[in-house]
Amino acid sequence: MLKVKLSIFLLSFFSLIALPVFADDDIGEIMDEINKRKVEEISGTVGEVDAIGNIIVINGLTSGGNNEEMRLKVPDGAKITQGEESIELDDIDVGDSVTVRYTIDRDTSEPKVINIVDNNVGNNQM
């Protein structure tokens with residue numbers, strides 16, 4: 001009977017020690033997933049718009065504080081607005097002031113556009 005109690009105690013003890021190790025692994029996986037979806041931003045001037053290829057090139061300041069030229073693929077379903085109005089990619093003109101929010105996939109290093117805000121409210125002809 002004493003051996004059974006001792007076995008149960010030791011099993012319980014080692015289970016409690018091992019639990020935090022597994023929890024740390026889960027936290028690491030969760031943090032990796034969060035980092036994959038970190039939202040970043042660039043605000044600047046449109047250098048190029050390719051509505052057929054769904055590409056926009058922005059020259060501006062990133063949320064990291066760097067001046068960059070970014071070439072971004074705009075996926076179907078990305079929200080594009082001018083003021084309160086939804087617009088299409090081909091409504092954005094070279095020279096427009098825009099803010100683009102995107103995520104960087106840590107596995108592929110490819111940016112994925114979430115939304116584009118054309119800051120030239122009332123300046124574009126539609």
Please rank Ile55, Ile114, fewest neighbouring Cβ atoms within 10 Å first, as an exposure proxy.
Ile55, Ile114
Sort Leu61, Leu72 by Cβ crowding within 10 Å, fewest neighbours at the top.
Leu61, Leu72
Relative frequency of Cα-Cα separations exceeding 21 Å in segment 39-118, percent
17 percent
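Each value in this text was obtained by applying a stated rule to the coordinates, not by laboratory testing. The model shown is predicted, which means the values in this text are computed figures rather than measured ones. A quick note on method: Cβ atoms are made from the backbone with ideal geometry, for glycine too, and the neighbour counts reach across all protein chains shown.
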